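Data block below; observations after.
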Amino acid sequence: MDFLDLDHVEFHVGDARQAAYVLSAGLGFRLLAQGGPETGLPGQRSLLLGQGDCRVLLTSGLEPGHPAARYVARHGDGVAVLAFGVRDAAAAYAGAVSGGALGLEPPRERGGLVTAVVSGFGDVVHRLVQRSGAGGGFLPGLVAVPGDAAPGPELVRAVDHAAVCVPDGQLDATVAYYCEAFGFGVVFEEYIEVGGQGMFSRVVQSPSGGITLTLIQPDGSRAPGQVDDFLAWHGGPGVQHLALSCGDVAAAVDAMAGRGVGFAPTPDAYYDTLPVRPAERLRSRGILLDRDHWGELYQIFATSLHVRRTFFWELIERHGARTFGTANIPALYAAKERELAALRVPAARGGAVAK
């Protein structure tokens, strides 16, 4: 099995056009292709957006029985497909199934493009995509739209990693699944504490290094927190956030903030604890700084744009660093906890959890 990269991410959303507007107006994505019943995609509307090497497909069901409509009814808008680029879709499909994955759609060749689908976690599946480079379009049923003659600067380059929340007790099995079905390996693990909360995190990665999943499980023996919130509000395991790699994270924050995107605030006290004084351009924007044996890493979480406050984006800039911000992670999740704490209605007041 040769898994190359994260080919694209597909969201199932209630309104693809509205979601596309948010991505383009806020994060700088551009519309690349679209499809629907008139292009051979019955019962759905799909829009493909891109920026750098990142490709995001937004799909809305046009009828109640469509899989995208059923997904949104259960989870709200969210990631439904993490598509893996592969060298040989038939071999990757056979290997994954023999390793324990459920085969959902066998390999199918259409115009030089071979795709297949296997199970992932929860209601998230993996589309295996083999591209010959000889046409065939991005995916069947998507028709390219004319590009902007003078596109603006690209703020992000690609998806650095996907963060996945799983319920208490499911982390070991999920890690084993990705190792056995896809040949991934564990490259990083840690225990994260935020106040009275705790969470276990393990990072699995394809041998190519092109696909990285951060798997997070809440510690059920500690106080519930924002990972528990995600699992409750999303309705089970799912993708909590996608990290977008940037060439200049400070410039990306400025551009996105100017377009109305909010970011989780960082207390000044965080910077006082760092062994080195960060550049003012990082501190003034609330960007976190960390180092490992290979270099530096800058990170920041955007506030959630979803009505359920489930999925959100991360911006990340690497200068040689290969890990995931051991010192930053508690600060990142503490910032997210502060954002979500205001949404919780205390049980003593008789309220339900706000979404």
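For the range 17-30, which residues satisfy the criterion of being crowded, with 20+ Cβ neighbours inside 10 Å and either touching a helix residue (DSSP H, G or I) at 6+ places or on another chain (Cβ under 9 Å) or not in a helix (DSSP H, G or I) (or both)?
If the condition is that a residue be crowded, with 20+ Cβ neighbours inside 10 Å and either touching a helix residue (DSSP H, G or I) at 6+ places or on another chain (Cβ under 9 Å) or not in a helix (DSSP H, G or I) (or both), then L27, G28, F29 are the ones that fit.
All but one of (1) open to solvent by 20 Å² or more (accessible area, probe 1.4 Å); (2) assigned to a helix (DSSP H, G or I); (3) among the small types (G, A, S) hold for A181; state the number of the condition that does not hold.
Going through (1) open to solvent by 20 Å² or more (accessible area, probe 1.4 Å); (2) assigned to a helix (DSSP H, G or I); (3) among the small types (G, A, S) one by one, A181 breaks only (1).
Do we have any residue at all in the range 170-178 that's modelled with pLDDT under 95 and over 18 Å from the mean Cα position of the chain (by Cα)?
Taking every residue of the range 170-178 in turn, none turns out to be modelled with pLDDT under 95 and over 18 Å from the mean Cα position of the chain (by Cα).
Taking the range 75-102, which residues are within 12 Å of F3 (Cβ to Cβ) and touching a His at 6+ places or on another chain (Cβ under 9 Å)?
Correct list: L82, A83, F84, G85, A96.
If the Cβ limit is 9 Å and pairs must be 6+ apart or interchain, which residue in the range 111-126 that is over 22 Å from P237 (Cα atoms) pairs with which residue that is of a type in the set (S, T, N, Q)?
Cβ pairs passing all conditions: G112/S132; L113/Q130; L113/S132; V114/Q130; V114/S132; T115/Q130; A116/Q130.
Can you pull out the residues in the range 237-264 that are charged (D, E, K, R) and either at pLDDT below 95 or not in a helix (DSSP H, G or I) (or both)?
Result: D248, R259.
Just give me the residues in the range 186-206 being open to solvent by 30 Å² or more (accessible area, probe 1.4 Å), of a type outside the set (D, E) and assigned to a strand (DSSP E or B), in sequence order. Can you show your working first?
Kept after step one, since they are open to solvent by 30 Å² or more (accessible area, probe 1.4 Å), are these residues of the range 186-206: 186-191, 193, 195-196, 200, 202, 205.
When the remaining residues are screened for being of a type outside the set (D, E), the result is 186-188, 191, 195-196, 200, 202, 205.
Within the range 186-206, V186, V187, F188, Y191, F200, R202, Q205 qualify.
Any residue in the range 164-176 that is assigned to a strand (DSSP E or B) and either without any contact (Cβ under 8 Å) to a residue 24 or more places away in the chain or under 28 Å from D229 (Cβ atoms) (or both)? Don't jump to the end; show me each part of the working.
Step one: of the range 164-176, the residues assigned to a strand (DSSP E or B) are 164-165.
Retained after the next criterion (residues that are either without any contact (Cβ under 8 Å) to a residue 24 or more places away in the chain or under 28 Å from D229 (Cβ atoms) (or both)): 164-165.
Checked the range 164-176: at least one residue is assigned to a strand (DSSP E or B) and either without any contact (Cβ under 8 Å) to a residue 24 or more places away in the chain or under 28 Å from D229 (Cβ atoms) (or both).
Residues are listed down the side, and each one gets a yes or a no for (1) in a helix (DSSP H, G or I); (2) at pLDDT below 90; (3) aromatic (F, W, Y); (4) surrounded by fewer than 17 Cβ atoms within 10 Å (Cβ to Cβ):
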| position | (1), (2), (3), (4) |
| --- | --- |
| Y298 | no, no, yes, no |
| G325 | no, yes, no, no |
| A335 | yes, yes, no, no |
| L340 | yes, yes, no, no |
| R344 | no, yes, no, yes |
| A354 | no, yes, no, yes |
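Please count how many residues of the range 207-236 are more than 19 Å from V186 (Cα to Cα) and either of a type in the set (A, V, I, L, M) or outside any loop (DSSP other than H, G, I, E, B) (or both).
Residues flagged as more than 19 Å from V186 (Cα to Cα) and either of a type in the set (A, V, I, L, M) or outside any loop (DSSP other than H, G, I, E, B) (or both) within the range 207-236 amount to 10.
Output the number of residues of the range 81-128 satisfying the condition of being of a type in the set (F, W, Y) and in a loop (DSSP other than H, G, I, E, B).
Total satisfying the criteria: 0.
Rundown of residues vs (1) farther than 29 Å from D229 by Cα; (2) of a type in the set (A, V, I, L, M, F, W, C); (3) surrounded by fewer than 16 Cβ atoms within 10 Å (Cβ to Cβ), yes/no style:
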residue	(1), (2), (3)
R74	no, no, yes
V81	no, yes, no
R108	yes, no, yes
G120	no, no, no
V124	no, yes, no
Q130	yes, no, no
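For the range 50-59, give me each residue that is at negative phi and surrounded by fewer than 24 Cβ atoms within 10 Å (Cβ to Cβ).
As a first pass, look at the range 50-59 and keep what is at negative phi: 50-51, 53-59.
The answer is G50, Q51, D53, C54, R55, V56.
Out of the range 133-148, which residues are in a loop (DSSP other than H, G, I, E, B), surrounded by fewer than 15 Cβ atoms within 10 Å (Cβ to Cβ) and modelled with pLDDT of 80 or more?
V145, P146
Restricting attention to the range 272-282, and to residues there that are over 20 Å from R318 (Cβ atoms) and part of a helix (DSSP H, G or I), which single residue is farthest from the chain's Cα centre (by Cα)?
Applying the filter and picking the extreme gives D272.
The values are calculated or read from the model by the stated rules, or taken from the named source; none is laboratory data. Only a predicted model underlies this, so the values are computations on that prediction, with no experimental measurement involved. Don't worry about glycine lacking a Cβ; one is built from the backbone with ideal geometry, like all the others, and counts go over all protein chains shown. Accessible surface is based on the protein model in full, side chains and every heavy atom, while ligands, DNA and RNA are left aside. Shrake-Rupley method; radii C 1.70, N 1.55, O 1.52, S 1.80 Å.
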